[in-house]
Amino acid sequence: MRLCLLLFCVTAVRGWSDTRIRKFKKEFLFGVATSAYQVEGAWDTDGKGESIWDKYLHDHPELIADGRNGDIACDSYHQYKRDVEMLRELGVDHYRFSISWPRVLPTGLTNDINEKGLQYYDNLINELLKYGIEPMVTIYHFDLPQSLQELGGWASPLVVQWFEDYTRLLFDRYADRVKFWITINQPSFCFESYGGITAPGIKSKGLGDYMCVKHVLLAHAKAYRLYEKEYKNKYKGSVGISLSLNFGHPLNNKTENQEAAEIFRDFTIGLYMNPIWSKYGDFPKTVRNRVMKKSKEQGYEKSRLPTLSSEEIKLLKGSADFVGINHYTSVFVEARTDSDEIFEVPSLQDDIGVLLTQSDEWVSGKSSWLKSAPYGIYKLCLYLNEKYNYPQTFVTEQGWSTGTSLNDRSRVDYLREYLIALLFAIEDGTKVMGYTVWSLMDNVEWNAGTSERFGLYEVDFEAEEKTRTARLSALVYKRIIQKRVVEKDWTPDSWKISITPRSERDEL
Ligand code: BGC
């Protein structure tokens, strides 16, 4: 039923319908993702330094939904061989994981290099390559060294150089084996970090968050240029950035809501895409004008949104081989009227000045913000194509939260429907290199602890060895990878998952 709804929505958008079987090409890469803080554990083992997430959740255990922080998590620091075994069971082409900055540089700076930390990632990368799985490395996934936070963190311009030094260390050590690099996961983390919601828990809405965005983007661009200049010729890898690209649909056809949706997209997509992918670079004009106007009204001499110099604009323009799409859900956007709720001032929400809702008809995940609206990914892809001239993309995250059950039918439906929508987008010209499910296994979902489970594998956090068990979705995803098609009615004969040799996989 839901599949029909999806097809209806997508075909209605495209203006035609048919029932042809659509296939992912052989070269299309299927994978799964995790991040260091969420799975590694071993938070102070073998010389690892403290990260902002270690400190934040140690200082505020009351903020974690079920009290479980990342101190032990899935214990992947010790169990990485089991993780790779699961990847082989799934038959994935790539594994996206992140490197913990304070694990390799406990002070954040290159004065103190932690060889044991570096060795851990060497071991993981070598284990992946042994079984023909492509490593995709995220250089930064939210876990800044606490020592750098104390020197200003992402609000300080100094962080750009610190990040470049850290990145050089990783390229020197791993670029011979790693061909896919993601500099930063979701620069929009700045709005949560400086909204006081996530680590480091600083409240500087509409100010510190914008400074953070500027420095994150510059840090990304510096890392990209470094690879381009010193490593690319030799190693031929690609460097991209992952953006949180959920989609804002206008609530209806009213002009004011269409305009509101466009403004929303300029702030949530354009803020990061424009500097890198647009013809003239820089932040979108609407964003610059709106924040400038509001800032003046609020008594600031200058805009709260930092400017980019012409040199910075040049550095940023074209600084990515692909855009990593992290897409989970959609929202409806409605223009605000004077009588509507007023947002905190100043803040991103107030600068955007729109109302957001989700449809009651969309199926809900375990996370309050997560609802299934598969045509959102189709609309997003077409939007990026039109606005940024068919950029090279890679879906670097998409996932669904449930409780602990192994029978995760809702995740199966979600993945199937979104993959079908993606096939439509590909058919309509979107350049997508691959697709990555968030996540390989249940992990520490930041403030939600382990109360929201995103894994294809369930993790028993009570067990000493953090036992991992395949869910129904793991078997379905394995089948999709093998067949390169989405079969809406397929169910496995048994729920046991085992490794399919690569040669047999290719014959299927
Ligand atoms: C983040 C992950 C997180 C997931 C689910 C993504 O935006 O990159 O770290 O676990 O969302 O909330």
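Being within 15 Å of the ligand (Cβ to nearest atom), touching a residue at least 60 places away in the same chain (Cβ under 8 Å) and more than 22 Å from Gly455 (Cβ to Cβ) holds for only one residue in Leu423, Leu380, Leu415, and it is Leu380. So is Asp460 closer than 27 Å to Ala199 by Cβ and crowded, with 20+ Cβ neighbours inside 10 Å or not? So Asp460 does not fit the description; no. Here Val345, Val331 are screened, and the one residue that is modelled with pLDDT of 95 or more, β-branched (Val, Ile, Thr) and more than 16 Å from the ligand (Cβ to nearest atom) is Val345. Name the residues in segment 305-328 that are more than 16 Å from the ligand (Cβ to nearest atom) and in a loop (DSSP other than H, G, I, E, B), would you? Scanning segment 305-328 gives Leu305, Pro306, Thr307, Leu308, Ser309, Lys317, Gly318, Ser319, Ala320, Asp321. Against the test of being under 26 Å from Leu305 (Cα atoms), within 16 Å of the ligand (Cβ to nearest atom) and not basic (Lys, Arg), the options Gly208, Gly195, Gly153, Gly201 yield a single qualifying residue, Gly195. Of all residues in segment 267-289, those satisfying the criterion of being out of contact with any helix residue (DSSP H, G or I) (no Cβ under 7 Å at 6 or more places or on another chain) and either closer than 24 Å to Ile342 by Cβ or surrounded by fewer than 22 Cβ atoms within 10 Å (Cβ to Cβ) (or both) are Thr268, Lys279, Tyr280, Lys285, Arg288, Asn289.
Where strands (runs of 3 or more DSSP E) fall wholly inside segment 416-489, the ranges with 1 or more residues that are farther than 30 Å from His58 by Cβ and touching a strand residue (DSSP E or B) at 6+ places or on another chain (Cβ under 8 Å) are 431-438, 468-470. Taken as a whole, the condition of being more than 28 Å from Cys381 (Cβ to Cβ) and either of a type in the set (S, T, N, Q) or in a loop (DSSP other than H, G, I, E, B) (or both) does not apply to Tyr280. All of Gly455, Gly434 fail the test of being small (Gly, Ala, Ser), more than 11 Å from the ligand (Cβ to nearest atom) and at pLDDT 95 or above, apart from Gly434. Would you mind stating whether Pro374 is within 21 Å of Gly434 (Cβ to Cβ), touching a strand residue (DSSP E or B) at 6+ places or on another chain (Cβ under 8 Å) and more than 14 Å from the ligand (Cβ to nearest atom)? Against the criterion (within 21 Å of Gly434 (Cβ to Cβ), touching a strand residue (DSSP E or B) at 6+ places or on another chain (Cβ under 8 Å) and more than 14 Å from the ligand (Cβ to nearest atom)), Pro374 does not qualify.
From the list Thr450, Thr467, the one residue that fits, being surrounded by fewer than 17 Cβ atoms within 10 Å (Cβ to Cβ), farther than 14 Å from Phe30 by Cα and modelled with pLDDT of 95 or more, is Thr467. Candidates are the residues of segment 312-345 that are among the acidic types (Asp, Glu) and closer than 27 Å to Ser204 by Cα; the one that is farthest from the chain's Cα centre (by Cα) is Asp338. Of the residues examined, Gly67 is one that is surrounded by fewer than 23 Cβ atoms within 10 Å (Cβ to Cβ) and either over 20 Å from Arg416 (Cβ atoms) or modelled with pLDDT of 95 or more (or both). If you go through segment 329-365 and pick out every residue that is in a loop (DSSP other than H, G, I, E, B) and under 17 Å from Tyr418 (Cβ atoms), you end up with 7.
Scanning segment 290-328 for residues that are polar (S, T, N, Q), surrounded by fewer than 17 Cβ atoms within 10 Å (Cβ to Cβ) and under 26 Å from Ile241 (Cα atoms) returns Thr307, Ser309, Ser310.
Please verify whether Gly237 is in contact (Cβ under 8 Å) with a residue 40 or more places away in the chain, closer than 26 Å to Trp369 by Cα and small (Gly, Ala, Ser), treating the condition exactly as stated. Judged against the criteria, Gly237 is not a match. The set of residues in segment 386-412 being assigned to a loop (DSSP other than H, G, I, E, B), among the hydrophobic types (A, V, I, L, M, F, W, C) and either surrounded by fewer than 18 Cβ atoms within 10 Å (Cβ to Cβ) or away from the ligand (no atom under 16 Å from the Cβ) (or both) consists of Leu406 alone. Taking the numbered list (1) over 21 Å from Gly195 (Cα atoms); (2) within 16 Å of the ligand (Cβ to nearest atom); (3) buried (at least 19 other Cβ atoms within 10 Å of the Cβ) in turn, Gln358 passes all entries but (3).
In segment 118-133 there is no residue matching the filter, namely being within 19 Å of Lys214 (Cβ to Cβ) and not aromatic (Phe, Trp, Tyr).
Being outside any loop (DSSP other than H, G, I, E, B), out of contact with any Lys or Arg (no Cβ under 9 Å at 6 or more places or on another chain) and within 16 Å of Ala33 (Cα to Cα), is that true of even one residue in segment 130-146? Looking through segment 130-146, at least one residue is outside any loop (DSSP other than H, G, I, E, B), out of contact with any Lys or Arg (no Cβ under 9 Å at 6 or more places or on another chain) and within 16 Å of Ala33 (Cα to Cα).
Quick grid of which residues meet (1) crowded, with 19+ Cβ neighbours inside 10 Å; (2) touching a Pro at 6+ places or on another chain (Cβ under 7 Å); (3) not hydrophobic (A, V, I, L, M, F, W, C):
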{"residue": "Cys74", "(1), (2), (3)": "yes, no, no"}
{"residue": "Glu85", "(1), (2), (3)": "no, no, yes"}
{"residue": "Tyr95", "(1), (2), (3)": "yes, yes, yes"}
{"residue": "Leu105", "(1), (2), (3)": "yes, yes, no"}
{"residue": "Gly108", "(1), (2), (3)": "yes, yes, yes"}
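The values are calculated or read from the model by the stated rules, or taken from the named source; none is laboratory data. From a predicted model like this one, the values you see are computed outputs, not experimental measurements. We place every Cβ from the backbone using ideal geometry, glycine too, and count neighbours over all the protein chains shown.
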